[in-house]
Amino acid sequence: LRDVKDLSMDTGVQQMLVKARNEGIDTAFDRASKMTRCGFGSTGVCCKHCLEGPCRIAPGGKGPQAGICGSNVDTIVARNFLVNITEGAASHAEHAREVAHAILEVAEGKAPYTIQDEEKLKSIAEGLGLVTEGKNINQLAREVAHKALEDFQKQHGTMNWLKLRGQAKSIENWEKLGLLPVNAHLEIAKAMARTVMGGDADPANLLLGAVTMGLVDGFAGLHMSTDLQDVLFGTPRAVKAKYRLGVIREEMVNLSVHGHIPLLAEKVVEWAGKLTDKAKEAGAQGINVVGVCCSGNELLMRKGVPVATNYASQEMPILTGALEAMVVDIQCIMPGIQTVASCYHTEIITTLPYAKIAGATHVEFTTERADEAAREIVMRAINNFKKRDPKKINIPQEVTEAYAGFSVEQIVEALKAVNAVDPLKPLVEAIANGEILGAVALVGCTNPRVKQDSGNVALVKELIKNNVLVVATGCAAHSLGKFGLLSPDGLKYAGDSLRNILTVIGQANGLPALPPALHMGSCVDNSRVADLLTALANYLGVAIKDLPVAGSCPETHHPKALSIGTFFIANGVDVHVGVDPQVSGSALVVNVLTSDKENFPVTTDGLFGGKLIYEEDPVKAAEIILNRIKMKRQALGLN
Ligand code: NFS
Ligand code: SF4
């Protein structure tokens with residue numbers, strides 16, 4: 001087994017890994033070390049789309065060069081890639097649909113939530129072309145929900161949310177290329193139909209299908225989720241919060257919320273507040289809700305709930321011996337948490353009928369019975385408090401402080417303190433005169449195959465040193481939070497001009513400075529990043545593809561990260577991944593996506609102005625990103 005220091009940068013995680021090994025418990029990190037990689041699968045050349053196969057194409061021209069049906073390696077790799085992107089987009093579309101449906105139920109008085117951001121609801125309604133005058137909030141919410149649900153039903157035209165949130169110049173390009181999605185479910189079904197045996201066998205066409213799927217993800221996934229969640233739960237404002245396993249508290253009932261859709265997470269927090277007395281009766285001092293992964297991000301952004309850990313180390317909170325329950329909904333939930341929990345008093349609680357784990361407790365969560373379900377979940381955690389084994393308790397002590405809650409609305413508000421009339425002006429001027437070289441969104445995951453947090457942290461340090469403004473989402477933002485980069489202290493790693501600007505803006509807002517990386521939310525909140533780019537592009541009268549910006553996902557693990565990346569590439573934003581996207585078996589697919597070969601006829605760079613960058617070394621990746629940013633600056637006539 002590998003030294004724990006090579007598995008995670010987080011000393012708390014290292015401490016728990018040692019504990020797990022001493023207790024004979026398997027974790028994702030140790031399973032990753034033992035898992036060998038299949039050369040066929042990892043290059044994307046294995047096809048099992050029918051029972052004639054699996055067929056696999058040997059590299060280097062030795063052995064079969066086509067599947068039994070005659071599919072060549074390019075078709076097989078492109079088809080697998082589209083399936084991957086479809087999985088990612090489907091996850092986000094399902095997330096958005098759940099929230100849209102919840103808003104409809106709230107509007108009809110069937111679900112126990114209240115609309116928190118009426119202003120945002122109104123502006124979305126106006127954007128969708130609805131008449132707002134003379135309508136009460138519930139009427140408006142119902143109409144907006146119907147418009148959202150149309151994006152899963154309509155048979156003609158273009159998705160409403162794409163027209164609502166897409167930048168005009170990007171939409172023009174997608175229309176010209178015939179890529180506009182009609183509705184999310186239709187496109188997902190079509191993608192399944194075209195990747196079936198005997199379907200689409202043109203690799204370039206399959207890759208264009210992947211771009212349409214990226215648009216499904218971006219609009220009927222990310223944007224719709226964020227918009228409607230802001231309406232229902234409030235648009236995030238800057239908050240101060242705590243990070244790392246040290247947020248788990250021995251004297252409290254600890255309940256971690258893990259997954260993605262805030263419908264459940266918000267209710268759990270609400271009921272934890274209501275049931276404090278019951279926790280005291282059980283001998284605890286109160287109830288401590290902590291976040292994991294993106295549910296953690298949602299609660300952090302809106303409620304300042306502390307974050308225990310990010311994806312790869314999701315088993316570690318259980319290993320502290322002080323976690324009474326972990327409640328989960330969907331996506332990025334390792335089944336391994338149940339195996340670890342079975343060695344402890346921790347109860348894993350699944351909540352969705354289509355995402356269960358054998359051996360876990362299932363408490364069905366629907367929006368209609370949200371209160372009953374959340375109450376039961378919190379009561380289960382309280383009842384588990386007395387089942388702790390004191391000999392097994394070992395909580396890492398480190399805690400770091402971080403700021404989060406940087407919605408576009410919050411960023412604009414902060415800029416207004418510098419220029420009330422023209423808030424974007426100071427930011428745009430700083431970019432124009434080179435004080436800020438460009439902007440990069442650090443997004444995505446951690447991956448047990450990669451030393452946890454190391455890629456995310458190293459890349460950001462390199463970028464801010466070069467005066468690049470960083471925004472962050474997802475588990476990558478958690479990496480930055482754990483290592484001080486979401487706090488003004490992190491400015492010690494920043495270049496002088498970036499530090500000065502963030503200090504000026506921060507001080508105008510009564511803070512010592514803004515942090516070097518602005519936490520914009522969960523992975524669906526990459527919509528906020530897109531909104532910020534849209535605002536900047538509109539301000540300058542250019543396309544998003546012209547902006548000196550990029551996205552980076554150094555520790556990629558989930559297909560969702562690939563579908564989000566495809567959405568940004570479709571907008572003309574370069575996207576770096578630090579983990580092999582499993583397409584290397586096809587030179588054609590590699591060249592279309594990465595535009596690495598000069599004079600290759602069709603590339604995403606040529607079609608959209610953005611490309612995929614695959615580089616495992618974060619410092620080298622930063623250099624490539626910096627060069628692309630400089631190239632885009634030059635094209636804009638900036639030095
Ligand atoms: Ni994004 Fe969030 Fe985390 Fe990666 Fe998974 S939790 S939706 S996929 S691992 S960032
Ligand atoms: Fe083999 Fe073709 Fe079937 Fe794929 S679809 S498994 S390449 S026969």
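Placing +1 at every Lys and Arg Cβ and -1 at every Asp and Glu Cβ, with all other atoms neutral, what dipole size does the stretch 172-283 have around its Cα centre, in debye to the nearest 20?
Computed charge dipole of the stretch 172-283: roughly 480 debye.
How do 435-442, 397-404, 564-571 rank on mean C-beta neighbours within 10 Å, highest first?
Per-residue mean Cβ counts within 10 Å order the peptides as 564-571, 435-442, 397-404.
Binning at 10 angstrom from zero up to the longest distance, how are the C-alpha pair distances of the stretch 222-361 distributed in percent?
Cα pair-distance distribution for the stretch 222-361, in percent: 12, 44, 35, 9, 0.
Determine the distance separating the Cα centre of the stretch 155-201 from the Cα centre of the stretch 578-639; give it in Å without decimals.
Taking the Cα centre of each part, the stretch 155-201 and the stretch 578-639 sit 24 Å apart.
Could you work out the relative contact order of the chain? I mean the mean sequence separation of Cα pairs under 8 Å and 6+ apart, divided by the number of residues, in percent.
Computed over the chain, the figure is 16 percent.
Is the stretch 463-525 rounded, prolate or oblate when judged by the Cα gyration tensor, a ≥ b ≥ c being the square roots of its eigenvalues, rounded requiring a/c under 1.5 and prolate requiring a/b larger than b/c?
Prolate is the answer for the stretch 463-525, as a/c is 1.5 or above and a/b outweighs b/c.
Which whole-number percent of Cα pairs in the stretch 502-639 have a distance greater than 22 Å?
More than 22 Å apart: 43 percent of the Cα pairs in the stretch 502-639.
Over the Cα atoms of the stretch 136-274, how large are the radius of gyration and the largest Cα-Cα distance (Dmax), in Å?
In Å, with Rg to one decimal and Dmax whole: 20.0, 61.
If the cut-off is a Cα-Cα distance under 18 Å, which lysines reach residue 176, setting aside same-chain residues fewer than 8 apart in sequence?
Partners found: 163, 545.
Quickly rank 601-610, 253-262 as a protection proxy: mean count of other C-beta atoms within 10 Å, highest first.
Most protected by this proxy first, the peptides run 253-262, 601-610.
So for 92, 478, 345, fewest C-beta neighbours within 10 Å to most, what's the order?
In increasing order of surrounding Cβ atoms, one gets 345, 92, 478.
For each pair in 492/630; 278/391; 597/620; 391/451; 303/386; 19/461, compute the distance between the two Cα atoms and list the pairs where it is over 22 Å.
Beyond 22 Å: 492/630; 278/391; 391/451; 303/386; 19/461.
Loop-only check: which GluC sites (Glu not before Pro) in the stretch 9-106 are DSSP coil with at most 15 other Cβ within 10 angstrom?
Sparse-neighbourhood loop GluC sites (Glu not before Pro): 23, 52.
Excluding same-chain residues fewer than 8 positions from residue 135, which lysines have a Cα within less than 22 Å of its Cα?
Excluding near neighbours in sequence, the set is 110, 120, 122, 147.
Given 512, 459, 442, which one lies farthest toward the positive end of the charge dipole of the stretch 439-562, if we put +1 on the Cβ of every Lys and Arg and -1 on the Cβ of every Asp and Glu?
Checking the options against the dipole of the stretch 439-562, the answer is 459.
For the chain, with only Lys/Arg (+1) and Asp/Glu (-1) charged at the beta-carbon, what is the dipole magnitude about the Cα centre, in debye rounded to 20?
The calculated dipole for the chain is roughly 900 debye.
For a test of the definition: using alpha carbon positions, the gyration tensor, and the 1.5 limit on a/c, classify the chain as rounded, prolate or oblate.
rounded
If you count, for each residue, the other Cβ atoms within 10 Å and average over each peptide, how do 33-44, 288-299 line up from highest to lowest?
So the order, starting with the most tightly packed, is 288-299, 33-44.
Counting only helical runs of four or more DSSP H residues, what would the 222 nm mean residue ellipticity of the chain come to if each run contributes -39,500 (n - 2.57) and the total is spread over all its residues?
Mean residue ellipticity, 222 nm, calculated: -14000 deg cm²/dmol.
Compute the separation of the alpha-carbon centres of the stretch 388-442 and the stretch 270-325 and state it in Å as a whole number.
23
Would you order 113, 243 from fewest to most other beta-carbon atoms within 10 Å of each residue's own beta-carbon?
Ordered from fewest to most neighbouring Cβ atoms within 10 Å, 113, 243 come out as 113, 243.
Could I get the Rg over Rh figure for the stretch 516-586? Both from C-alpha atoms, Rh via Kirkwood, rounded to two places.
Ratio of gyration radius to Kirkwood radius: 1.00.
Dipole size in debye (nearest 20) for the stretch 419-509 around its Cα centre, Lys and Arg Cβ +1, Asp and Glu Cβ -1?
380
Give me the one-decimal Kirkwood hydrodynamic radius in Å for the stretch 1-138, with the sum taken over alpha-carbon pairs.
21.0 Å is the Kirkwood radius here.
Could you line up 463, 480, 427, 164 from fewest to most neighbouring Cβ atoms inside 10 Å?
The fewest-first ordering by Cβ neighbours comes to 164, 427, 480, 463.
The numbers here are math on the coordinates, done by the rules we state, and not lab data. As the structure is a prediction and not an experimental result, all values here were calculated from the model. Every residue, glycine as well, gets a Cβ built from its backbone with ideal geometry; the counts of neighbours run over all protein chains shown.
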